[in-house]
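Some notes on the structure that comes next.
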Amino acid sequence: MSCDGLRRILRHAASAILIGLAGVGVAVAEVPLAETRHLFDLTAGGGSSLSLPSDVAIGAGGKVYVVDGGNHRVAVFSSAGKFLFAFGGKGEGNGEFADPVGIGTDAQGRVYVADSGNRRIQMFDGNGRFGGSFRTGSARPIDVAPTADGQTLYVTGGHRLTAYSTAGQVLRQWGAEGEAQGEFRYPASVVVAPDGNVYVVDALNSRVQIFEPQGRFVFQVGSWGVLPGQLFRPKGVAVDRGGRIYVTDSYMDVVEMFGSDYRFQRVLGARGKVRRFTAPGGIAVDASDRLFVAEMLANKVSVYSVR
């Protein structure tokens, strides 16, 4: 059997569990759902469609910054979904990208991009003007999350989490390849929550690890599996003003919601059914608690309100 065939079988079985069907002779209760309403999609701008968008961040004034990885650029939209401008292009020069993956913004309106192929972090103002960069050594950066004041940048890559200054000085670093607390296997998205704690998607360990700013482990959200509250291949994480945690699962094509106490609450749904996404990656929450979900294989960012 091909890998694709096995994947389809596993996903079908997992889907049966999620929607409360009987599986392997065992009746499974329906998953609790958070009702969502689709608002609009971000799909194109500047003469080209989004291609493999991997991450999204909300900037000053509600601007939406999308890593348009297949086009090696960042596309920028208004809070209402209107395309405003794009910056970047394939290359190695200042303001150019090679397979960018992650993005973050700070309270001053600055934008930070994990320029993975060029092994560097680039910094811009809110209008896309280049403001500096630094190298990340041999590790390809996957995501970058600034503190609110923009003085510290947390970067995932190389089975580690590294805190840099904006000048590229390593302030602290933790992690190694492994499964224990504080270890990682291919960490993906990272965000700094409103309380200052750092949330890291530990992709192959199927969990989100939460740390204090100096690196002390706080809690783990999720574990490997296909049941509600478990994760298969998490990619993105976001935390809203109330402390609710949203995690995208790129294999199960769902978004799960956990409470401020880190306990599972619900799966995003619509009209009584689990809402399915297409390879969801990065996710962001704006000031109105709207969700912006980067759907890589659908070449769009979809936007929802959650009741």
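The values are calculated or read from the model by the stated rules, or taken from the named source; none is laboratory data. Only a predicted model underlies this, so the values are computations on that prediction, with no experimental measurement involved. Here the Cβ positions follow ideal geometry from the backbone for every residue, glycine too, while neighbour counts run over all protein chains shown. Calculation scope for accessible area: heavy atoms of the full protein, side chains included, ligands and nucleic acids excluded. Shrake-Rupley method; radii C 1.70, N 1.55, O 1.52, S 1.80 Å.
What order do you get for 281-288, 86-93 when each peptide is scored by the mean count of other beta carbon atoms within 10 Å, highest first? List each step's numbers first, then the result.
Numbers: 281-288: 21.0, 86-93: 14.8.
Highest to lowest by the protection proxy: 281-288, 86-93.
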Arrange the peptides 200-207, 65-72, 255-262 so that the one whose residues have, on average, the most other Cβ atoms within 10 Å appears first.
65-72, 200-207, 255-262
Taking amide H positions as placed 1.01 Å from N in the peptide plane, with prolines and chain starts having none, which residues 5 or more places from S48, or on another chain, fall under 5 Å of its amide H?
none
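Do the sum for the chain: with -39,500 (n - 2.57) for every DSSP H run of n ≥ 4, divided by all residues, what is the mean residue ellipticity at 222 nm, to the nearest 500 deg cm²/dmol? Kindly include the intermediate steps, with their values, before the conclusion.
Values: 1 runs with 16 residues, N = 307.
When only DSSP H runs of four or more count, the value is -1500 deg cm²/dmol.
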Amide H contacts of L231 (H built 1.01 Å from N, under 5 Å, at least 5 apart or other chain):
S223, W224, G225
Taking the Cα atoms of the chain alone, what are Rg (to one decimal) and Dmax (as a whole number) in Å?
18.4, 59
Could you give the nm distance between label points at R135 and A80, where each point is 7 Å from its Cα heading toward the beta carbon?
4.6 nm
When the label point is put 7 Å from the Cα of A107 along its Cα-to-beta-carbon vector, which residues of segment 187-230 have a backbone N closer than 17 Å?
192-198, 213
Report, to the nearest 10°, how far helix 3-18 tilts away from the longest principal axis of the Cα atoms in the chain, using its own Cα long axis and a range of 0 to 90°.
70 degrees
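For the peptides 117-128, 144-155, what is the packing order when you average, over each peptide's residues, the other Cβ atoms within 10 Å and list the highest mean first? Walk me through the numbers on the way to the answer.
On the way: 117-128: 18.7, 144-155: 20.6.
Per-residue Cβ counts within 10 Å, averaged per peptide and sorted highest first, yield 144-155, 117-128.
Determine the per residue accessible area of the chain with all protein chains present and a 1.4 angstrom probe, expressed in square angstrom.
Numbers: 12980 Å² over 307 residues.
So the chain comes to 42 Å² accessible per residue, rounded to a whole number.
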Around L171, which amide H atoms from residues at least 5 apart in sequence, or from another chain, sit under 5 Å from its own amide H, with H modelled in the peptide plane?
A163, Y164, S165
